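Q: I'd like to ask you about the structure that follows.
The values are calculated or read from the model by the stated rules, or taken from the named source; none is laboratory data. Note that the structure is a prediction, hence the values are computed from the model and not measured. Glycine gets a Cβ as well: all are built from the backbone with ideal geometry, and neighbour counts include every protein chain shown.
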Ligand code: PRX
């Protein structure tokens with residue numbers, strides 16, 4: 001078994017990892033010519049990718065680009081659910097589409113025919129409750145097949161789905177339902193997480209106080225959870241489904257009709273409803289799934305992300321199913337009941353492609369090699385990583401201890417806004433370097449630019465996407481101005497600014513360096529510092545709050561909050577706990593601060609801007625950086641004395 005030393009030696013030597021010869025020989029995308037083909041005529045290239053889908057009516061123009069607004073496959077008509085289901089019925093009717101395991105160990109397999117039938121019935125169920133094309137439907141569910149079925153059912157009738165991750169609080173759920181004016185919510189009585197029950201329906205009941213747009217709630221019965229059923233509004237999934245017919249023609253949707261809204265954090269207190277449309281999005285996720293994961297007949301693919309995040313939308317549902325893949329889904333936590341649960345699932349279900357996040361990989365490292373070593377992982381042939389920069393040590397550990405040294409590791413950079421993977425290796429041809437997401441995919445144009453927009457050939461700067469791509473976001477729901485100002489104004493309106501820092505090395509490889517704005521990445525999840533600050537100042541005793549991310553061994557970043565209390569209130573360990581719970585109530589457990597520092601004042605510049613850099617130094621126990629621009633140096637002196645330079 002390789003030890004830590006040998007990993008360090010490998011990294012010091014700067015070793016690259018070419019595709020294993022056997023893998024390369026069988027890979028679908030082994031010819032580097034594709035990069036040039038795509039670059040020489042990107043629109044023709046993406047049009048070829050789009051023709052892999054079933055269109056009800058062909059497009060008349062590939063791209064209509066009026067910066068910063070793009071329309072792809074203009075006038076084309078298609079249906080996303082038909083592309084994920086109906087078109088596979090002739091060839092894959094009895095092939096497993098979803099293999100699912102619940103946290104308690106219950107199992108289900110749905111073939112493509114099963115998934116198609118359930119989706120058609122669910123689509124009719126939505127229609128029976130009056131849901132129409134263009135209506136918004138909020139999904140707040142555990143990771144069960146019915147979540148995918150609900151998404152596909154919405155897509156089938158042209159309703160817009162918006163999945164809210166089950167870890168969000170009632171307040172967060174309410175904000176999202178109100179923002180999109182949803183007409184219906186699909187939830188479950190509850191879910192399981194680390195053996196505990198998650199009371200999803202109770203949270204929905206609380207959220208719906210103040211949501212007059214919602215006329216109906218459908219409850220999928222996951223277990224024996226005590227719930228309140230509100231007569232006239234709430235309906236059991238299984239009762240409604242029992243009456244539905246199977247026949248349900250898919251709606252012919254315009255390529256630019258909205259497929260879904262998914263909320264993500266930005267630099268203000270209010271999450272953004274990212275809008276994705278149909279034709280371009282499906283083209284992007286369909287192609288990139290095939291390329292990056294080198295899909296083959298017989299593969300069993302497992303992406304560990306919850307469908308509540310974009311990774312689940314693009315690479316649990318739309319990418320894999322539009323390719324006719326067999327998708328494995330697991331409802332629960334990696335360490336339940338033991339720390340080898342993931343590896344026992346890989347062994348039991350013969351998983352061949354495994355896609356997870358660096359934060360999970362670092363936890364696996366901490367738990368030790370004996371956990372994967374207990375299981376036969378020889379079915380695996382490809383590993384992936386997403387959500388945050390993967391540190392080289394974790395990359396090498398993953399390659400060795402999970403992949404047995406024989407599986408390429410694809411580090412994939414992308415965002416909720418990009419919809420599809422943008423920077424990643426092609427596993428049959430790219431010589432990977434641990435820690436680098438390598439190169440932009442064919443048809444994608446990425447650069448590193450400096451402040452002024454000058455190209456940085458070698459060195460650090462800001463990541464930029466310099467050409468529109470088919471799965472790009474089409475807007476922020478209800479806020480067109482914010483779309484332009486956040487993403488398309490840093491270097492003019494033709495270049496997309498993702499908000500990430502990046503470096504290019506002498507081979508032109510990209511090394512992603514994390515966010516350059518006030519957005520944190522905690523365990524692979526985006527949280528805006530302003531959101532947490534708003535939650536804190538919402539507490540009656542808090543006068544002011546400043547939130548920063550401090551380095552965390554497993555989570556990448558952890559949330560630290562500096563809090564100034566209103567007169568007459570004093571900080572105490574009890575108040576710390578209360579404030580943490582307050583944030584959980586306002587946003588959800590994923591935003592719980594790790595540490596709270598009470599401070600009589602916050603360090604500010606003379607123009608009143610909080611100097612987060614100094615707070616970060618304090619929270620991470622570092623020597624303080626430049627303090628000369630401080631309005632009142634005594635503030636930082638007091639903080640330093642209180643919390644010391646070791647934090
Ligand atoms: O900072 C980048 C980081 O995650 C952000 C996007 O977060 P979200 O929209 O929640 O989507 C996550 C899953 C696609 C990016 O702006 N990020 C994502 N993948 C990587 C990454 N940073 C470095 N390397 C990656 N592979």
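Q: Looking for whichever is outside any helix (DSSP H, G or I) and within 14 Å of the ligand (Cβ to nearest atom) here; the options are 434, 470, 427. Which one fits?
A: None of the others qualify; the one that does is 434.
Q: With (1) assigned by TED's automatic domain parsing to the domain that holds residue 393; (2) in contact with a strand residue (DSSP E or B) (Cβ under 6 Å, 6 or more places away or on another chain); (3) crowded, with 18+ Cβ neighbours inside 10 Å as the list, and residue 491 as the residue in question, which single condition is left unmet?
A: That leaves (2) as the condition not met.
Q: Still on this structure: Going residue by residue through the range 464-476, is there one that turns out to be touching a helix residue (DSSP H, G or I) at 6+ places or on another chain (Cβ under 8 Å), at positive phi and surrounded by 21 or more Cβ atoms within 10 Å (Cβ to Cβ)?
A: yes
Q: Moving on to the next point. Kindly evaluate residue 183 against the criterion of being in contact with a strand residue (DSSP E or B) (Cβ under 9 Å, 6 or more places away or on another chain), under 30 Å from residue 70 (Cα atoms) and assigned by TED's automatic domain parsing to the domain that holds residue 79.
A: yes
Q: In this structure, does residue 411 turn out to be assigned by TED's automatic domain parsing to the domain that holds residue 292, within 12 Å of the ligand (Cβ to nearest atom) and over 30 Å from residue 180 (Cβ atoms)?
A: Judged against the criteria, residue 411 is a match.
Q: Please verify whether residue 398 is surrounded by 23 or more Cβ atoms within 10 Å (Cβ to Cβ), within 16 Å of the ligand (Cβ to nearest atom), in the same structural domain as residue 379 (by TED's automatic domain parsing) and assigned to a helix (DSSP H, G or I), treating the condition exactly as stated.
A: Yes, satisfied.
Q: Can you tell me which residues in the range 553-563 are modelled with pLDDT of 95 or more and surrounded by fewer than 17 Cβ atoms within 10 Å (Cβ to Cβ)?
A: None; the set is empty.
Q: Confirm whether residue 526 is within 16 Å of the ligand (Cβ to nearest atom), within 26 Å of residue 278 (Cβ to Cβ) and modelled with pLDDT under 95.
A: Yes; evaluated as a whole, the condition is true for this residue.
Q: Return yes or no: is residue 291 over 17 Å from the mean Cα position of the chain (by Cα), surrounded by 18 or more Cβ atoms within 10 Å (Cβ to Cβ) and either within 16 Å of the ligand (Cβ to nearest atom) or not assigned by TED's automatic domain parsing to the domain that holds residue 157 (or both)?
A: Considered against the rule, which asks whether it is over 17 Å from the mean Cα position of the chain (by Cα), surrounded by 18 or more Cβ atoms within 10 Å (Cβ to Cβ) and either within 16 Å of the ligand (Cβ to nearest atom) or not assigned by TED's automatic domain parsing to the domain that holds residue 157 (or both), residue 291 comes out as yes.
Q: Let me ask another. Can you name the condition, by its number, that residue 306 falls short on among (1) surrounded by 24 or more Cβ atoms within 10 Å (Cβ to Cβ); (2) within 23 Å of residue 140 (Cβ to Cβ)?
A: (1)
Q: Here is a check on your reading of the model: is residue 301 within 19 Å of the chain's Cα centre (by Cα), assigned to a strand (DSSP E or B) and within 13 Å of the ligand (Cβ to nearest atom)?
A: Considered against the rule, which asks whether it is within 19 Å of the chain's Cα centre (by Cα), assigned to a strand (DSSP E or B) and within 13 Å of the ligand (Cβ to nearest atom), residue 301 comes out as no.
Q: Moving on to the next point. Anything in the range 587-623 that is part of a loop (DSSP other than H, G, I, E, B), over 32 Å from the mean Cα position of the chain (by Cα) and surrounded by 19 or more Cβ atoms within 10 Å (Cβ to Cβ)? List them, or say none.
A: 599, 602, 603
Q: Being modelled with pLDDT of 95 or more and surrounded by 24 or more Cβ atoms within 10 Å (Cβ to Cβ) is the filter here; which residues of the range 252-273 pass it?
A: Of everything in the range 252-273, those that are modelled with pLDDT of 95 or more and surrounded by 24 or more Cβ atoms within 10 Å (Cβ to Cβ) turn out to be 253, 255, 259, 260, 261, 262, 263, 272.
Q: Of the numbered conditions (1) surrounded by fewer than 12 Cβ atoms within 10 Å (Cβ to Cβ); (2) over 21 Å from residue 160 (Cβ atoms), residue 212 satisfies every one except a single condition; which is it?
A: Here residue 212 meets the rest and fails (2).
Q: Still on this structure, please answer the following. For the range 529-552, name all the residues that are within 13 Å of the ligand (Cβ to nearest atom) and assigned to a loop (DSSP other than H, G, I, E, B).
A: Correct list: empty.
Q: Additional query: With (1) more than 8 Å from the ligand (Cβ to nearest atom); (2) within 28 Å of residue 264 (Cα to Cα); (3) out of contact with any helix residue (DSSP H, G or I) (no Cβ under 7 Å at 6 or more places or on another chain); (4) in contact (Cβ under 8 Å) with a residue 60 or more places away in the chain as the list, and residue 422 as the residue in question, which single condition is left unmet?
A: (4)
Q: Here is a further query. So how many residues does the range 501-519 have that are touching a residue at least 40 places away in the same chain (Cβ under 8 Å), within 19 Å of the chain's Cα centre (by Cα) and within 11 Å of the ligand (Cβ to nearest atom)?
A: Of the residues in that region, 7 qualify.
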